[in-house]
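Remarks on the structure that follows.
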Amino acid sequence: MELKICHLYPEVLNLYGDRGNILCMTRRLEKRGISCSVKSVGIGDEDDLTGYDLFFIGGGQDFEQEVLLNDLGKGKGASIRSAVEDGKTFLCICGGYQMMGHYYQTHEGVRCQFLGAVDLYTVGDKMRMIGNYAFTLGEESGGGCVVGFENHSGRTYLGEGVRSLGTIVKGYGNNGEDKTEGVRFRNLFGSYSHGPILPKNPQLCDHILKTALEYKYGGAELAPLDDRMELLAHDRVLKAYLN
Ligand code: GLN
């Protein structure tokens, strides 16, 4: 078995070391003897994304998101939308998550018309939402508690019937109002969590990997790994900041 991973816009969207999620996914695949390749696809690069199994998009500052608009409009946006519609697996963090919605309006009023791949929209505000936070994952995403770090001015609102990724336990999440965090649409996982999110939440990483493997091969069993260190880090954050 093999997974082809596409790291979208790493040169622009890589706040708070979000690329650590790529390292986490590749290590957890390799430890199980599952081969994987990672290709960075940035501004001006190919827009035929049909050969990839799993996509990762990190976070970015407002102006960095504005930089992407032109490239998305040239063809990559349509390819990303098709991949989401086809059920390919995505992990989209913060700015990369906002990009999947209809638009992101910065707190200065600049409206970035984004992909509309998921029925959501985001409006920026002067007051940023910053801090360690925790949320419980929906059962369809494996359940359990996720710890992370958020830093965003955007308030994201999900469309009617659109499922969140989870429910806030402590912190802001999508908008600091409705206790939702992130989005789960088809096989797209969107979250505000930097951190990076996956290393301290191994169960979520494995759930995302299984989703991509099941889509490609019809089924996948992931042997358990020794996650003592990962869970120590997870519980440390929970205890130190979120109790
Ligand atoms: N620029 C967006 C916001 O401020 C996304 C930030 C991020 O990716 N951390 O909401």
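Give the peptides 180-191, 120-131, 222-233 in descending order of average Cβ contacts within 10 Å, highest first.
180-191, 120-131, 222-233
Can you check how the C-alpha radius of gyration of the range 135-243 compares to 2.2 N^0.38 Å, as a plain ratio?
1.09
Write down the percent of antiparallel bridges among all DSSP beta bridges whose residues are both part of the chain, to the nearest 5.
The antiparallel fraction comes to roughly 55 percent.
Ignoring ligands, DNA and RNA, what accessible area per residue does the chain give at 1.4 Å, in Å²?
Here the residues of the chain average 42 Å² of exposed surface.
Rank by packing, highest mean first: peptides 192-199, 159-166, with packing defined as the count of other Cβ atoms within 10 Å averaged across residues.
Going by the mean number of other Cβ atoms within 10 Å, highest first, we get 192-199, 159-166.
Give the aspartates and glutamates reachable from LYS31 as a straight Cα distance under 16 Å; neighbours fewer than 8 places away on the same chain don't count.
Within the straight-line cut-off, LYS31 pairs with GLU2, ASP206, GLU221, ASP226, ASP227, GLU230.
Give me the one-decimal Kirkwood hydrodynamic radius in Å for the range 1-95, with the sum taken over alpha-carbon pairs.
Averaging 1/r across every pair of different Cα atoms and inverting gives 13.7 Å.
Using the structure shown, list the pairs from LYS39/LYS179; LYS4/LYS239; LYS170/LYS216; LYS39/LYS74 with a Cα-Cα distance above 30 Å, or answer none.
Check vs 30 Å cut-off fails for LYS39/LYS179; LYS4/LYS239; LYS170/LYS216.
Sorting CYS145, CYS112 by accessible area (1.4 Å probe), largest first, what list results?
Ranking CYS145, CYS112 by accessible area, largest first, yields CYS145, CYS112.
Before anything else, pin down the relative contact order of the chain: Cα pairs under 8 Å, at least 6 apart, normalised by residue count, whole percent.
Normalised by residue count, the contact order of the chain is 19 percent.
Determine the share of the chain's accessible area contributed by carbon and sulfur atoms, expressed in whole percent, with a 1.4 angstrom probe.
51
How long, wide and thick is the chain, going by the Cα atoms along their three principal axes, in whole angstroms, largest first?
That gives 48, 45, 32 Å along the principal axes, largest extent first.
Which one of SER164, TYR215, GLY33 is farthest out on the positive end of the charge dipole of the chain, using unit charges on Cβ (Lys, Arg +1; Asp, Glu -1) and the Cα centre as origin?
Farthest along the dipole direction, towards plus: GLY33.
The values are calculated or read from the model by the stated rules, or taken from the named source; none is laboratory data. As the structure is a prediction and not an experimental result, all values here were calculated from the model. No Cβ is skipped: glycine too gets one built from the backbone with ideal geometry, and neighbour counts run over all protein chains shown. Ligands, DNA and RNA are excluded from the accessible area calculation, which covers all protein heavy atoms including side chains. Shrake-Rupley method; radii C 1.70, N 1.55, O 1.52, S 1.80 Å.
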